[in-house]
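The values are calculated or read from the model by the stated rules, or taken from the named source; none is laboratory data. These numbers were taken from a predicted model, which means no experiment stands behind them. Methodologically, a virtual Cβ is constructed for each residue, glycine included, from the backbone with ideal geometry; neighbour enumeration extends over all protein chains shown. Remember, those area values only see protein heavy atoms, side chains included, never the ligands or the DNA or RNA. Shrake-Rupley method; radii C 1.70, N 1.55, O 1.52, S 1.80 Å.
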Amino acid sequence: MVRTSPRADLPEPPYRSPVRLSVNGRPHELDLDNRTTLLDALREHLGLIGAKKGCDHGQCGSCTVLLDGRRVKSCLAFAVAADGADLVSVEGLAEDGHLHPLQSCFVQHDAFQCGYCTSGQLCSALGMLDELRQGWPSVVTPDLAAGPDGLTEPEIRERMSGNICRCAAYPHIVSAIREAAAAEGVR
Amino acid sequence: MSAPAAAVGRAHPRLEGRAKVTGTARYAVEHPADGLAYGWAVQATVAKGRIVRVDTTAAEREPGVLAVLTHETAPRLNPVESPELLLLQQPRVRYRGEIVALVVAESLEAAREGARLVRLDYDTEPHSSVLTERHPSLYKPDHVNPAFPTDTCVGDFDAGYEAAEVRLDQTYRTPAYHNNPMEPHAATAYWADGRLLVHDSSQGTNDVRSTLGRLFELPAETIRVTAEHVGGGFGSKGTPRCTPVLAAMAARQVGRPVRLALTRQQLFGPVGYRTPVIQRIRLGADADGRLAAICHDAISQSSTIEEFAEQTAVLTRTLYAAPHRRTTHRLARLDVPTPSWMRAPGECPGSFALESAMDELAVACGVDPVELRLRNDTEIDPEEGVPFSSRNLAACLRDGARRFGWADRDPAPGVRRDGRWLVGTGVASAIYPARTPGASAEAAAGPDGTYQVRINATDIGTGARTALWQIAVDALGVPGDRVAISIGDSDLPPAYVAGGSAGTAGWGLSVDRACRSLRRQLDERYAGTAPPDGLSVRVDTTDEAAGLPRAPRYAFGAHFVEARVDVDSGEIRVPRMLGVFATGRVVNPSTARSQLIGGMTMGLSMALHEEGLLDQRFGDWVNRDLATYHVTACADVQRIEAYWVPDEDRGNPLGVKGLGEIGIVGSAAAVANAVHHATGLRLRTLPIQLDKLVDRLPVG
């Protein structure tokens with residue numbers, strides 16, 4: 001069987017919903033299949049290709065974006081469940097053509113090779129730095145009650161381990177994050 | 001972008017860096033098109049058999065589904081060299097996970113649901129999917145990848161081995177490894193006016209174009225394949241893969257552009273993997289560790305579809321001196337997917353066995369393992385009998401030992417403690433062939449003083465785009481901001497696939513020659529300035545490359561690793577890896593370092609984390625995603641350093657040897673040797689994980 005005509009011949013599917021999203025400060029009103037993930041909404045419906053599909057199962061981190069300020073794996077979230085949410089993707093990091101310090105440090109430290117995990121690393125790093133600022137401990141924090149002892153390399157490595165880089169730019173990612181955070185006054 | 005005079009040798013950020021950190025670099029399924037449809041592949045659920053019934057009724061009823069392609073309905077393809085690519089042409093199933101149908105739909109969601117609803121019934125046959133030393137199908141292939149002799153023999157190994165004072169005979173095993181680039185294999189295909197345009201995630205689009213031309217009976221000039229940005233490949237995108245073929249078939253069937261990306265789970269099979277390997281190493285030496293006899297027998301697997309023979313023992317032909325030597329390769333044909341290239345095919349698994357055995361020999365002889373390797377170093381290719389173009393293995397070992405602080409190492413295994421941790425250090429050598437393939441390139445000067453360099457090289461993350469631009473800037477002798485480079489498009493002058501660590505050497509030579517020729521013509525005929533309609537020069541270096549000196553030419557390296565093993569749990573940590581390499585001239589120290597530590601880390605991953613676990617009942621791997629097939633993560637890598645020693649070698653006119661693969665060669669052995677030094681336990685089967693250590697650790 002082959003159908004070649006455009007969408008008009010489709011039966012009206014009962015499983016669509018209106019979804020309102022603010023992405024990088026811009027409001028969007030979408031009519032989406034309820035099965036559409038936040039990642040596919042960004043990539044296939046808004047043309048925002050920065051967030052990548054590496055595994056579609058929340059195992060690689062390439063799709064990481066900030067959802068209401070917190071890092072999430074957008075492949076694991078249904079867009080319909082994020083109705084009204086405020087999203088920041090990698091496209092929203094630079095302002096007026098000026099790279100965010102994390103972005104320029106990633107370039108200067110060669111913190112990527114193929115670049116496919118990079119958007120996720122950047123968004124994850126932003127969210128991670130905020131978690132650290134709020135004093136969230138991690139598994140390598142020596143005293144959980146006291147909170148993290150600053151932005152140490154073990155803390156960064158641990159907290160960035162949800163973002164796989166098969167090219168293994170890890171040490172450069174860590175040094176780029178340290179430098180960018182220092183520039184922003186995080187220690 | 002600007003580069004000072006002598007761009008080559010200076011660190012320069014990647015030219016596409018800004019595009020990659022702003023999320024604007026487009027990969028294969030990120031190109032906009034009107035009327036897009038989406039493909040979703042369906043895989044066989046049996047290891048061997050025949051499809052006897054196809055029921056696509058439910059799939060076709062799914063809203064949004066446009067077409068279901070199976071062997072009964074898919075467009076017919078013309079034969080090509082690789083039977084692997086004759087997709088959906090016949091009902092036989094040769095391995096579990098073989099692609100047996102493709103659903104095309106209006107949306108990803110509909111395509112995925114449609115794929116779930118395709119019903120295929122099989123007549124199954126007994127399958128054989130486990131490699132063993134005594135598999136009945138074992139045979140001697142005509143050659144091993146890509147064109148090495150299968151077996152070699154110099155002197156009389158058996159006599160030399162029997163007469164040796166110290167003899168070692170051990171078997172080493174490595175499991176299947178999956179390349180797992182971060183970008184799954186993917187393609188977008190469009191047909192318009194009888195022409196085919198494909199955006200592919202590929203390491204080389206020339207081969208993809210010519211293969212599509214043969215499959216669809218089209219002249220090459222009607223096909224264009226691009227790969228501007230590629231999310232890694234590590235060999236798995238080095239040969240034309242199923243994705244561009246299926247996307248083109250689907251796009252033709254529905255008369256619309258089609259995007260097709262394999263899922264992560266679907267990558268475990270149809271796109272190649274590193275074969276499991278069983279290796280027997282025999283070393284015969286005098287009491288001082290000088291090798292008299294060396295033999296490396298390697299057994300690996302291929303599919304029943306086509307032959308791929310991993311060149312596992314090839315490095316043993318060149319790494320160390322010994323008068324009596326033999327290498328052999330045998331292959332079993334199993335009901336499994338076809339293995340293929342994965343970063344340093346041959347040298348990578350081969351070095352785990354050989355360099356583990358050398359460590360065992362050092363222990364047996366009571367000789368320091370660095371010294372043992374120095375004693376067996378050779379300026380003469382031990383099989384060819386002629387000098388290497390350059391050989392700086394000793395320099396790598398000595399420089400690495402100095403940087404690492406090897407000098408006062410206590411050789412006794414299993415005796416150093418730091419709190420809960422048993423601590424040890426290990427070393428291994430590395431070798432990888434340095435090749436210079438011919439390529440075409442074009443350099444053009446505009447009347448405004450700008451320059452365009454065009455070559456169908458591919459940058460899969462290696463930094464090739466930037467390195468070639470640096471070579472061009474120097475050859476043209478102009479500021480870098482005047483020079484633009486275009487790569488990753490089959491409409492550009494044809495060049496070799498991104499593989500064999502040959503990109504910078506081969507493509508670079510072609511870029512250098514095109515730019516120098518343009519510069520000469522501009523200076524001689526136009527007083528240095530391009531005429532009003534510009535000037536363009538195209539070169540092909542096939543003849544020059546073929547005429548280069550034929551001396552054996554290799555890059556070398558040495559790995560130093562510290563390992564720590566928890567005395568109670570057997571948990572393993574690697575706080576430090578250090579590699580020193582002799583790779584000729586380094587064009588861009590920044591991207592070169594990234595390639596080397598990337599390779600070293602993939603070796604760490606091989607040593608400790610990765611393992612394709614096969615369930616013989618199903619004839620397939622059970623760990624088919626990144627939650628169960630572990631690769632090294634950020635927290636696994638602590639201090640890692642890569643250095644290089646001076647390595648003058650004009651066997652390539654630019655002095656370049658290539659360094660994309662050598663970082664993984666020997667890396668896993670250095671980890672295993674460090675674990676032995678820490679614990680006294682010799683692990684000859686990878687990966688090294690706590691369950692293999694915990695019952696046998698020295699009592700704490």
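Our compactness index for segment A:78-135, the C-alpha radius of gyration over the empirical 2.2 N^0.38 Å, is 1.29. Beta bridges from DSSP with both residues in chain B: antiparallel share about 75 percent, rounded to the nearest 5.
Inter-chain neighbour count for A:81-94: the average number of beta-carbon atoms from partner chains within 10 Å of each residue's beta-carbon is 1.
Just to be sure I understand: of the beta bridges DSSP finds with both ends in the protein assembly as shown, what percent are antiparallel, rounded to 5? Antiparallel bridges: around 75 percent, rounded to the nearest 5.
For q = 0.11 Å⁻¹, what log10 I(q)/I(0) does the protein assembly as shown give under the Debye formula with an equal point scatterer on each alpha carbon and no solvent? Relative scattering, expressed as log10 I(q)/I(0), comes to -1.41.
Distance from the C-alpha centroid of segment B:428-476 to that of segment B:518-534: 22 Å, rounded to the whole angstrom. Electrostatic bookkeeping for B:Glu360 treats Lys and Arg as +1 and Asp and Glu as -1; over the other residues with beta carbon under 12 Å from its beta carbon, the sum is +1. Expressed in Å, the radius of gyration and Dmax of the Cα atoms of segment A:51-187 are 14.5, 41. Express in whole angstrom the spacing between the alpha-carbon centres of segment B:20-54 and segment A:55-93. After rounding, the separation between the Cα centres reads 22 Å. For chain B, the relative contact order works out to 17 percent when only alpha carbon pairs closer than 8 Å and six or more residues apart are counted. Peptide B:386-392 has a mean shielding of 0, counted as Cβ atoms of other protein chains within 10 Å of each residue's Cβ. Averaged over the residues of peptide A:46-56, the number of Cβ atoms from other protein chains lying within 10 Å of each residue's Cβ is 6. Stokes-Einstein diffusion for segment B:470-550 at 37 °C, viscosity 0.692 mPa s, with a Kirkwood radius from C-alpha pairs, works out to 234 µm²/s. Cα-based values for segment B:24-168, radius of gyration first and Dmax second, are 23.5, 76 Å.
In chain A, the calculated helix contribution to ellipticity at 222 nm averages -7500 deg cm²/dmol per residue, counting -39,500 (n - 2.57) for every DSSP H run with n ≥ 4. Taking other residues whose beta carbon is less than 11 angstrom from the beta carbon of A:Cys60, and scoring Lys, Arg as +1 and Asp, Glu as -1, yields +2.
Of all DSSP beta bridges in segment B:424-508, what percent run antiparallel (nearest 5)? Around 50 percent of the beta bridges assigned by DSSP in segment B:424-508 are antiparallel ones. Carbon-plus-sulfur accessible fraction, chain B (probe radius 1.4 Å, protein heavy atoms only): 49%. Straight-line cross-link partners of B:Lys20 among the lysines, defined as a Cα under 22 Å from its Cα and at least 8 positions apart when in the same chain: A:Lys52, A:Lys53, A:Lys73, B:Lys237. Put simply, the amide H of B:Val336, placed in the peptide plane, has neighbours under 5 Å in B:Thr304, leaving out anything fewer than 5 places away on its chain. Label sites at A:Glu184 and B:Thr124, each approximated as a point 7 angstrom past Cα along Cα to Cβ, lie 5.3 nm apart. The B-A contact accounts for roughly 5200 square angstrom of buried accessible surface, both chains included, probe 1.4 angstrom. With contacts taken as Cα pairs under 8 Å at a separation of at least 6 residues, segment B:269-323 carries a relative contact order of 31 percent.
Counting only protein heavy atoms and a 1.4 Å probe, segment B:581-700 has 31 square angstrom of accessible area per residue.
Can you give the percent of C-alpha pairs in chain B whose distance is more than 37 Å? Cα-Cα pairs of chain B separated by over 37 Å account for 41 percent.
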